[in-house]
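See structure below.
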Amino acid sequence: MPERHEPDGAVSAAGMGGAMDLAASEAATLERTPGGPRGTGPRDRPRSLWSDAWHDLCRNPVFVGSGLVILFLVLISLWPSLIASGNPLACDLSKAQEGPMPGHPFGYDGQGCDVYTRTVYGARASVTVGVCATLGVAVLGSVLGGLAGFFGGMWDAVLSRLTDVFFAIPVVLGGLVLLSVVTSNTVWPVVGFMVLLGWPQISRIARGSVITARQNDYVQAARALGASPARILLRHIAPNAVAPVIVVATIALGTYIALEATLSYLGVGLKPPSVSWGIDISAASPYIRNAPHALLWPSGALAITVLAFIMLGDAVRDALDPRLR
């Protein structure tokens, strides 16, 4: 049968030869494709737990909204002068308890201080205490709980009884007793107190996660292959047991911010001349009838901050817990 020449110079043939040529052409095309056949390229690789969780978080409006609020709080904590040019310690008694006016949208408190400036600068102390306390609690609790869950025995028994002792101490009462003898005006005594009484909760979460992960088949296989206990704990157990710790720590961050404000309100947390929402709420309480704005704005900022961190923790929990999908 005569050959038929196409305009592009390709030669087409009928019958079995044409089918074989077409198959060879498709195979060559697949070989030239960077990712190979569909489903085997880099973009089609199965996602891990963390990448899948991040993908879900980016589509969660609760996470996006709370994340934007927290990002704004972090920015004004680092650079409060971006939105507040005044001095939070500059007060004028002649303007005490006055309401909003041009240049001072939140009015003045009982000492004649600008409520807007003090509210903006108060975010620094609250965010610093919350973040530092959460990091300290997460590290200390994870290490102690992880070691207790992995090795067990006497170490586990001693740590369990020790956590029971700390759980029996009321947090506010403990703060009144321990911080009442501290004269420092910095945030570090408050952070140290929160770490001292907050690590047992994270420790129990980490212990339970490590005990659960220790029983998995891949851990038994690594132990059978002669892997050292340190390698098993760091390479195989820790990455698979850290998710519950992250969830609890994220939710607890908002709780620590509220606890700092409570202790400052009671007079044992941060002390003047430090600027804190708890201090401002305590100072504005006697003037709630004459100057409610002085109490409204720091209280509202505290409530929004705590709510943002709690909502962020709930979103992270929903993304990292496969049972909630």
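Observations on the structure shown:
- Residue identified as open to solvent by 40 Å² or more (accessible area, probe 1.4 Å) and farther than 30 Å from residue 86 by Cβ among 148, 138, 157: 157
- All positions within the stretch 299-315 that are buried (at least 20 other Cβ atoms within 10 Å of the Cβ) and either in contact with a Leu (Cβ under 7 Å, 6 or more places away or on another chain) or over 16 Å from residue 69 (Cβ atoms) (or both): 305, 309, 315
- Selection within the stretch 261-278 - farther than 11 Å from residue 187 by Cα, open to solvent by less than 20 Å² (accessible area, probe 1.4 Å) and part of a helix (DSSP H, G or I): 261, 263, 277, 278
Condition check ((1) part of a helix (DSSP H, G or I); (2) within 26 Å of residue 201 (Cα to Cα); (3) touching a His at 6+ places or on another chain (Cβ under 8 Å)) across all residues:
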site: 64; (1), (2), (3): yes, no, no
site: 77; (1), (2), (3): yes, no, no
site: 99; (1), (2), (3): no, no, yes
site: 119; (1), (2), (3): yes, no, no
site: 136; (1), (2), (3): yes, yes, no
site: 143; (1), (2), (3): yes, yes, no
site: 146; (1), (2), (3): yes, yes, no
site: 156; (1), (2), (3): yes, yes, no
site: 162; (1), (2), (3): yes, yes, no
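- Within the stretch 187-228, the only residue that satisfies the criterion of being among the polar types (S, T, N, Q), open to solvent by 80 Å² or more (accessible area, probe 1.4 Å) and not in a helix (DSSP H, G or I) is 215.
- Qualifying positions in the stretch 103-117 - part of a loop (DSSP other than H, G, I, E, B), touching a residue at least 12 places away in the same chain (Cβ under 8 Å) and open to solvent by 10 Å² or more (accessible area, probe 1.4 Å): 106, 109, 110, 111
- Whether a residue is more than 20 Å from residue 91 (Cβ to Cβ) and without any contact (Cβ under 8 Å) to a residue 24 or more places away in the chain was assessed, and residue 308 does not pass this test.
- Residues satisfying the stated conditions in the stretch 153-166, i.e. under 24 Å from residue 240 (Cα atoms) and under 29 Å from the mean Cα position of the chain (by Cα): 156, 159, 160, 163
The values are calculated or read from the model by the stated rules, or taken from the named source; none is laboratory data. Computed from a predicted model, the values in this text were never measured in an experiment. For neighbour counting, all protein chains shown are included, and Cβ atoms are generated from backbone atoms with ideal geometry for every residue, glycine included. These area figures cover heavy atoms from the full protein model, side chains too; ligands, DNA and RNA do not enter into them. Shrake-Rupley method; radii C 1.70, N 1.55, O 1.52, S 1.80 Å.
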